[in-house]
Amino acid sequence: MGKRVTIQDIADALDLSRNTVSKALNNTGVLAEDTRQRILAKAAEMGYKQFIYLKPEAQGLSRAPQVRELALLTQSMPNSSHFGSALLNTFQEQISRKHYRLSIFLVRQEEIDSLRLPLGLDTQRISGILCMELFHAGYNQMLGTLGIPLLFVDNASSLDFSRVDADFLLMENHNSIYRITNRLIKNGCRRLAFAGDVHHCRSFFERYQGFLDALSANGLTPALASFAGPDAFANAENLAELIGRTQELPQAFVCANDFVSIDLIRALKKRRIRVPEDVRIVGFDNSMESRIIEPHLTTVHIPSPEMGFLAADLLLSRIERPETPYRIMHVRTAVKYRDSTGSLTPEEEADSL
């Protein structure tokens, strides 16, 4: 008598997890249809006896496409000015074409602290998880243990990519800020500071590293660190007080994003400090507000809609091919020089739109 074929044998033959194979054979949970069919075909080929394998065509049946569910986990839904808003729009367009829908789950602080999934999230019903604005390393690591396809758009600054079974999508942060900072130095700025909480997320931290590397390459160090912590931009009063007690402001602030920059410009104006004549300001995101505020803000453009297409591709391909090596993707960004960093060269004017 031949050796009895087990679920583990099928899993080993396909280089899949035992749990994935079990879902297909027992018709439980949610699974990509091509993965399910591949498992069923291999089980039939190997002589697995514990299920009946009949293709729908063989039964004379035709089924409407099954609508499957993806989950968005976030601590804060992006508003219309946030780069994530356009990303989510194109992400949902793409997944709907593949017969997926997106359910949104807000993760509360108590769930972060206790490492619990948000109320109502049924891991047996969802095919994959998209995480945005979710920057707690321990919670992110916990999500990686669920065995569910997982994509992070940005992530915690301290997270070790190699310890989480997930894909990661980020914008390029370091080189763009390095270029802007280096340009400010070449144009005569010797006292520069970073503004914004450098440990808020991976992207902020990478921007800070680009800032530091540009200073180091020019033999400089940050002018002050008081604007780079979590408290400086907690509210307008904190920021105004910090500006007021700073004896010598830097010649330029490189900010974590546009909204930090805009808060800073407004606070400086209340103190009758001119931008860019007294202090030059740099943002990041190319938000609509960056083109409205006076002076118009030098910033970095993120291709947000295109990132939505990439996010859909990364997550859906992980669902369809779970054995794919995990990926970390940075999407190229583009510097936009405007009036907040002083007069522009002809080349910079061409990049200012």
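Observations on the model:
- Rounded to whole numbers, the Karplus 3J(HN,Hα) couplings from phi for the stretch 280-293 are 9, 10, 10, x, 7, 2, 6, 5, 4, 5, 5, 9, 9, 4 Hz, using 6.51 cos²θ - 1.76 cosθ + 1.60 with θ = phi - 60°, and x at Gly and Pro.
- Pairs of lysine residues in the chain - Cα separation under 18 Å, sequence separation of 8 or more or cross-chain: 7
- Relative contact order, whole percent, for the chain stands at 16, derived from Cα pairs under 8 Å and 6 or more residues apart.
- Inter-label distance, residue 321 to residue 125: 3.1 nm, where each label sits 7 Å from its Cα along the C-beta direction.
- The Cβ shell under 15 Å around residue 241 holds other residues with a net charge of +1, Lys and Arg each +1, Asp and Glu each -1.
- Degrees, to the nearest 10: 304-320 long Cα axis against longest axis of the chain: 30
- For the pair residue 99 and residue 246, the difference between a 0.36 nm per residue extended length and the Cα-Cα distance amounts to 47.4 nm.
- 1.4 Å probe accessible area per residue over the chain, in Å²: 49
- Segment residue 277..residue 41, full-extension length gain: 77.9 nm, with 0.36 nm per residue of separation and the alpha-carbon distance subtracted.
- Backbone amide hydrogens, once placed in the peptide plane, bring residue 168 within less than 5 Å of 152, 327, 328, 329, excluding anything fewer than 5 places away on its chain.
- Electrostatic bookkeeping for residue 223 treats Lys and Arg as +1 and Asp and Glu as -1; over the other residues with beta carbon under 10 Å from its beta carbon, the sum is +1.
- Close amide H pairs (under 5 Å, H built 1.01 Å from N) link residue 336 with 299, 300, 301, residues at least 5 positions away or on another chain.
- Each residue was assigned an accessible area with a 1.4 Å probe, and for residue 290 the value is about 0 Å².
- Global form of the stretch 187-281, assessed from the alpha-carbon gyration tensor, a/c cut-off 1.5: oblate
- Computed from the C-beta positions of residue 238 and residue 34 and an R0 of 41 Å, the FRET efficiency is 0.15 to the nearest 0.05.
- Heavy-atom accessible surface of the chain: percent carbon and sulfur, 1.4 Å: 49
- Cβ-Cβ FRET estimate between residue 294 and residue 329, R0 fixed at 41 Å, reported to 0.05: 0.70
- Note: the stretch 82-174, Cα convex hull, 116 Å³ per residue.
- Shape category assigned to the chain from the gyration tensor of Cα positions, a/c cut at 1.5: prolate
- Expressed per residue, the C-alpha convex hull volume of the stretch 67-221 stands at 130 Å³.
- Average projection, convex hull of the Cα set of the stretch 197-351: 11.3 square nanometres.
The values are calculated or read from the model by the stated rules, or taken from the named source; none is laboratory data. Please read all numbers here as calculations on a predicted model, not as lab measurements. Note: ideal-geometry Cβ built from the backbone for every residue, glycine included; neighbour counts use all protein chains shown. Calculation scope for accessible area: heavy atoms of the full protein, side chains included, ligands and nucleic acids excluded. Shrake-Rupley method; radii C 1.70, N 1.55, O 1.52, S 1.80 Å.
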